Amino acid sequence: MRKPYLVMLAVCATLAAVPLTSTISVAQAPAPAPAPPAPMMPPSLPATYVVDLMTAQGSAAFGARWKTMEAKIVAAKPIPEAMPQYKTAYDIEPHAGESGFDDSKWPTIEAKDLAARRSGGHVAFIWYRATLTIPAKVGDFDTAGAKAVLTVLVDDYGEVWVDGQMPRRAGYPSPATIQGFNMPNRVVLTDAVRPGDTFQIAVFGINGPISIAPPNTVWFREARIEFYR
């Protein structure tokens, strides 16, 4: 009698474990999204060497081919934590700052046309994308070991993505995020250049102040690479 009793206990224990295991696996929360990279603050001293990306020669030095596309506001589902009275939400499309984004069908523009007034005004968003490859030498400047800073000033606000990330940290200065009304974004690309370093840049230009929906447009006041030693 003892052996059948032990077998029955083992079977019951196995059956009891099945729903417990299933419950645990269902209850597991998804892995949190990786934190964005921490921002690096650019130098305040005058640059050792500056290249103007809004000229054909300047952009060509980095092999940059600029592309642009309007971003639009689209309907989205409210987040799970939204209060019950919020039945709708909004997003922008496309999310062109993300890593691996395909801009092959976007129109290409000349470097000087970064200054062109784009959008129909009011609440407007424009993406600009380019890949920058730092050569061993720009003009008579040897780039190896220098700190490289991308500086852009978008009228009226800009957000800067580098290699699919917008460096930021809550409560700390984060130069890749909006810096203020018609203020430059100065984003450190690398602390020490290795010739051939390549960076995928995406700049999200925003017309503002947004709550005014102003009758002006989106355009670059400046775009340059600054080198420091």
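Bear in mind these aren't lab numbers, they're just calculated from the coordinates by the rules spelled out. None of these values were measured; they are calculated from a predicted model. Neighbour counts run over all protein chains shown; Cβ positions are idealised from the backbone, glycine included.
For the chain, the relative contact order works out to 28 percent when only alpha carbon pairs closer than 8 Å and six or more residues apart are counted.
Note on Lys137 and Ile79: the model spin-label points, each 7 Å out from Cα along the C-beta direction, lie 5.2 nm apart.
In this structure, the amide hydrogen of Thr217, modeled 1.01 Å from its nitrogen in the peptide plane, lies closer than 5 angstrom to no residue at least 5 positions away or on a different chain.
Close amide-amide hydrogen proximity is noted between Ile92 and Val74, each under 5 Å apart and 5 or more residues distant or on a separate chain (H modeled in the peptide plane; Pro and chain starts excluded). Sorted largest first, the principal axis extents computed over the alpha-carbon atoms of the stretch 90-168 equal 45, 27, 26 Å. Couplings 3J(HN,Hα) for the stretch 173-189, derived from phi with the Karplus relation 6.51 cos²θ - 1.76 cosθ + 1.60 (θ = phi - 60°), are x, 9, x, 6, 8, 4, 9, x, 5, 6, 10, x, 9, 10, 10, 6, 7 Hz, where x marks Gly and Pro. May I ask for the Rg/Rh ratio of the stretch 141-229, computed from Cα atoms with Rh as the Kirkwood radius, given to two decimals? Rounded to two decimals, Rg/Rh equals 1.02.
Near the amide H of Leu53, within less than 5 Å, lie the amide hydrogens of Ala223, Arg224, Ile225, all on another chain or at least 5 residues away, with H placed in the peptide plane. With the convex hull drawn over the C-alpha atoms of the chain, the volume per residue is 219 Å³.
Sorted ascending by nearby beta carbons within 10 Å, beginning with the fewest, Arg186, Arg221, Arg229 become Arg229, Arg221, Arg186. With each label modelled as a point 7 angstrom along the Cα→C-beta vector, the Ser104-Asp191 pair spans 3.7 nm.
For the stretch 58-86, backbone nitrogen atoms closer than 18 Å to the point 7 Å from Ala170 Cα along Cα-to-C-beta are found at 79-83. The Tyr90 and Thr48 beta-carbon pair, evaluated with R₀ = 45 Å, returns a calculated FRET efficiency of approximately 0.55.
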